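Below is one structure, written out as structure tokens; the observations come after it.
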Amino acid sequence: MFLPVFAVIDEVPLWAWGAFAAFIAVMLALDLGVFQRDSHEVKMKEAILWCLVWFALALGFNGLLLGWSGPEPAQQFLAAYLVELCLSVDNVFVFILVFAYFKIPPRYQHRVLFWGILGAVIMRCAFILTGIELLRRFHWIIYVFGAFLVYTGIKMALPREQEDVDPSRNIIVRLFRRFFRVSTQMETGRFFIKEDGRRVATTLFVVLLVVETTDFIFALDSLPAVLAVTKNGFVAFTSNVFAILGLRSLYFALSGVMKLFRFLKIGLSVILVFIGVKMLIEPWVPITTSVSLGVIGGVLTVSVLMSMLIPVKEDTLASERHET
């Protein structure tokens, strides 16, 4: 299995992989070591600014891809990036509930998300390269992925009760608490501290475990979606990374206004069903990337416009405030 995965990497020159990895490393070092050196609460203005920065970087990379490889890889990148960005909305919702459950102060939330998303980048790389190789060896898996996306899209569109997040049921957290002592101390903002001469974990580290577990689940969900758009390992990975790295800023920008984009989940369910059907009918009715990009962009635009133009009823707002 490993040699074919390296063959997927070799489709693009190693210098391109190295340059992209170096760029991401520099951006992460600047983020944590310079801009977020001191723990502080990320305000809406700062979060929106960083959202724009990551979006501009993604579009800039898309332009480089267009000039280097042509329109098809560039369109695939943009389509995969938009899909992954929308899937990130579910991550944001879960992060809000997890931080509220553990009562994590806002000034420490960025630190947890930074390391959690760094782990997500590593997982996405492994999943995407392995998934592409599986599709090459066992083409019938494409129908499994397609059916899974259709099922996920339909399930997402169905009305359901408010989700409850109970991290105490997380098997990773339960195993960790069984073998390691956990302190409720969070004043230092560290993942490990010393108490009574012993090195113990803090609640922040437990939250990090929950975030990593959530990222793992979402990585499994998003794998079929990105592979429905592109089979190019470099395009799939880079589009995922840009969407993931913008997730932290997206969380702080949307955490207070999530209800304003209530139709976005319906739009995402339509997109998932569309790309699932695309995978299922691909051998007989191939759908071009430009058509896919048009459908994805159109559905997202309509979803956002509906969320903005159709006001929320007062009784709905009152019930939502009561739940929160």
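The values are calculated or read from the model by the stated rules, or taken from the named source; none is laboratory data. Everything quoted here is computed from the prediction, not taken from an experiment. Positions of Cβ are backbone-derived with ideal geometry, glycine not excepted, and every protein chain shown enters the neighbour counts.
Residue pairs whose Cβ atoms lie under 9 Å apart, sitting 6 or more positions apart in sequence or on different chains, and linking a residue in region 290-305 that is within 20 Å of Gly70 (Cβ to Cβ) and in a helix (DSSP H, G or I) to a partner that is modelled with pLDDT of 85 or more and of a type in the set (S, T, N, Q), are Ser290/Gln75; Ser292/Gln75; Ser292/Gln76; Leu293/Gln75; Leu293/Gln76. For region 215-252, filtering for residues that are over 22 Å from Ile24 (Cα atoms), surrounded by 21 or more Cβ atoms within 10 Å (Cβ to Cβ) and within 14 Å of the chain's Cα centre (by Cα) leaves 2.
Which ones in region 81-128 are at pLDDT below 80 and closer than 13 Å to Phe237 by Cα? Across region 81-128, there are no qualifying residues. The residues listed here are Val211, Val173, Val182; of these, the one that is more than 21 Å from Phe145 (Cα to Cα), in contact (Cβ under 8 Å) with a residue 24 or more places away in the chain and touching a Gly at 6+ places or on another chain (Cβ under 6 Å) is Val211.
Residues being modelled with pLDDT under 80, surrounded by fewer than 19 Cβ atoms within 10 Å (Cβ to Cβ) and more than 23 Å from the chain's Cα centre (by Cα) are entirely absent from region 259-266.
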